[in-house]
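In what follows, a structure is listed as structure tokens, so that the remarks can point back to it.
The values are calculated or read from the model by the stated rules, or taken from the named source; none is laboratory data. Predicted model, so just to flag it, every value in this text is computed and none were measured. Quick reminder, even Gly has a Cβ in these numbers, built from the backbone with ideal geometry, and neighbours come from all protein chains shown. Note: areas computed on protein heavy atoms with side chains; ligands, DNA, RNA excluded. Shrake-Rupley method; radii C 1.70, N 1.55, O 1.52, S 1.80 Å.
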Amino acid sequence: MAKPLVPDDLWAAVAPLLPPERPKPQGGRPRVSDRAALTGIVFVLTTGTAWERLPVEMGCGSGMTCWRRLRDWQEAGVWSRLHRVLLERLQAAEAIDWSRAALDSASIGAKRGGAEIGPNPTDRGKPGTKRHLITDARGTPLGLTLSGANRHDSRMLAATLDAVPRVRTGGRGRPRRRPGKLHADKAYDHRRCRQECRIRGVTPRIARRSIESSQRLGKHRWVVERTFAWINRFRRLTIRYERRADIHLAFTTLACALVCLNQIRRFC
């Protein structure tokens, strides 16, 4: 029997975060259930299929219905809160390793243009988007930002560090959001990047150009590359099809949340 696209543990995490249904004083057609719409969203994210090709027999409504729900929930902050809630579960189980983090970026093509897109210098100037990701020592995605593919990695270090949410455990004490050390490759070898780390109480471990071998820190940086590979299993994210940056960010944040859910199943 095939596993459901929205299993009970995922739905239990998402349901409390969803905004209430707007009243319909004049009636109208019954609204597609939130769980059915989420199933359609996860199906498109996982398979990469076009919205208009969403199978009718799945009972998720039309592709446009699911797209609107994705958009509305992004505007309501559902996806970022889901990511934070799942991080808090990992933190409560002491399954987040804050001792060190890894930061890197990856570029993908953007077929239809839009916001947060620029000419990719590694792909003959074709339009593309760059994802900047920070993970803990186990590869759990902590924070994510987007930029044009022509944006230099070092310019996004501070924004990506600040994208890590405040993770609470339900107990006493301040929320955690900063790793002890940050490992990054030579693209971040700038005094500005080291200062940005130290201002935030993070010890920079950045490879130095022409001095240190990139392989020296590879034993700590490889986890972020593995997390990018996990994210790329969601076929909708191998190429950016959305013109709207908020829709692409919604998909990518949901993918990070699903990776966190897999980490919960693995470690908790």
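Select, from Arg191, Arg172, the only residue that is modelled with pLDDT of 95 or more and surrounded by fewer than 16 Cβ atoms within 10 Å (Cβ to Cβ).
On the way: Arg172 fails: modelled with pLDDT of 95 or more.
The unique qualifying residue is Arg191.
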### Task
Can you tell me which residue among Arg174, Arg166 is within 19 Å of the chain's Cα centre (by Cα) and among the basic types (Lys, Arg)?
Arg166
### Complete set of residues in the stretch 140-162 that are surrounded by fewer than 20 Cβ atoms within 10 Å (Cβ to Cβ) and either among the aliphatic types (A, V, I, L, M) or within 20 Å of Ser107 (Cβ to Cβ) (or both)
Gly148, Asn150, Arg151, His152, Ser154, Arg155, Ala158, Ala159
### Message
Which condition from (1) in a helix (DSSP H, G or I); (2) at pLDDT 90 or above is the one that Gln215 breaks?
### Response
(2)
### Query
Among the residues of the stretch 219-240, which ones are outside any helix (DSSP H, G or I), of a type outside the set (A, V, I, L, M, F, W, C) and buried (at least 19 other Cβ atoms within 10 Å of the Cβ)?
Arg240
### Query
Assuming Asn120 fulfils every condition listed in (1) in contact with an Asp or Glu (Cβ under 9 Å, 6 or more places away or on another chain); (2) buried (at least 17 other Cβ atoms within 10 Å of the Cβ) apart from one, which condition is it?
(1)
### Query
Glu94 is checked against (1) at pLDDT 95 or above; (2) part of a loop (DSSP other than H, G, I, E, B) and fails just one. What number does that condition carry?
(1)
### Summary
Scanning the stretch 33-63 for residues that are over 13 Å from Val6 (Cα atoms), open to solvent by 50 Å² or more (accessible area, probe 1.4 Å) and part of a helix (DSSP H, G or I) gives Thr47, Glu52, Arg53, Val56, Glu57
### Query
Does the stretch 12-25 include one or more residues that are in contact (Cβ under 8 Å) with a residue 40 or more places away in the chain and surrounded by fewer than 11 Cβ atoms within 10 Å (Cβ to Cβ)?
no
